[in-house]
1. Mind ordering 122-128, 58-64, 77-83 by average Cβ neighbours within 10 Å, highest first?
2. Collect residues whose amide H, placed 1.01 Å from N in the peptide plane, falls under 5 Å from the amide H of Glu144; neighbours closer than 5 in sequence don't count.
3. Select one label from [x] 11.3; [y] 12.3; [z] 9.3: the one whose number is mean projected area of the Cα convex hull in nm² as derived from the coordinates shown.
4. Assuming R0 = 35 Å, what is the FRET efficiency of Lys49 and Asn140, from their Cβ-Cβ distance, to the nearest 0.05?
5. Which lysines, if any, have their Cα less than 18 Å from the Cα of Lys116, not counting same-chain residues under 8 positions apart?
6. Arrange the peptides 141-152, 26-37, 4-15, 65-76 so that the one whose residues have, on average, the most other Cβ atoms within 10 Å appears first.
7. Summing +1 for each Lys or Arg and -1 for each Asp or Glu, what net charge is found among the other residues whose Cβ lies under 10 Å from the Cβ of Gln127?
8. Counting only other residues whose beta carbon sits under 15 Å from that of Thr27, what net charge do I get with K and R as +1, D and E as -1?
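Just so it is clear, none of the values below were taken in a lab; they were calculated from the coordinates. Predicted, not measured: the structure shown is a model, and the values here were computed from it. We place every Cβ from the backbone using ideal geometry, glycine too, and count neighbours over all the protein chains shown.
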Amino acid sequence: MNNNYLEFNNWAFQYYLERNSVSNLGTLAIEVTEIENYCKENDCDLKFKEIINYDWSKLLHHETNNIPKYFGLIALQCFAASRMQYDGISKTGINDYQTRFNEVTGITNTQELQSKFKSEFTGNPIQEKIWIEAKKFLSNMDFEIHIPNPSNGAGRYVQYPTSGIIY
């Protein structure tokens, strides 16, 4: 089994570049079949230690080829949201999304996932920081991505991956 997160991250980044047109409003949503095909071609199950075991703030660092390490996480989050739609779930409930994301990634429980979302980095929850940084990074490359504004309360962390999904 080839579970190399950096390879997956590079693939996700290239997918986003190819899918989104320069100077147009783009999306970070991802097609279910694209991830499934990636997994088949690369003998991968999406259970990356970088997502399960590590603090996600480590994903804010860039690889040697200057690609931020968070694009793989964003792709996994969007894949979980897309799978809900693909499987016919008619609305995006917070618990439904979190359960699906845990199934996709191998995170063992919702409390662990919430802890990862809430982990603070420079005064902001890491989930918000990663999505905001991705938007800035792509904007610097002339790719405009819309993401929801940070919010409070229920759904504040799952609003990012689910915002590109139309029900």
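1. Ranking the peptides 122-128, 58-64, 77-83 by packing returns 77-83, 122-128, 58-64.
2. Sorted by chain and number, the residues that satisfy this are Ser23, Asn24, Gly26.
3. [z]
4. Efficiency at R0 = 35 Å is approximately 0.75.
5. Lys47, Lys49, Lys58, Lys69, Lys129
6. Numbers: 141-152: 12.8, 26-37: 17.2, 4-15: 18.9, 65-76: 20.8.
With the highest mean Cβ count within 10 Å placed first, the list reads 65-76, 4-15, 26-37, 141-152.
7. After counting each charged neighbour, the total is +3.
8. Result for the local shell: -2.
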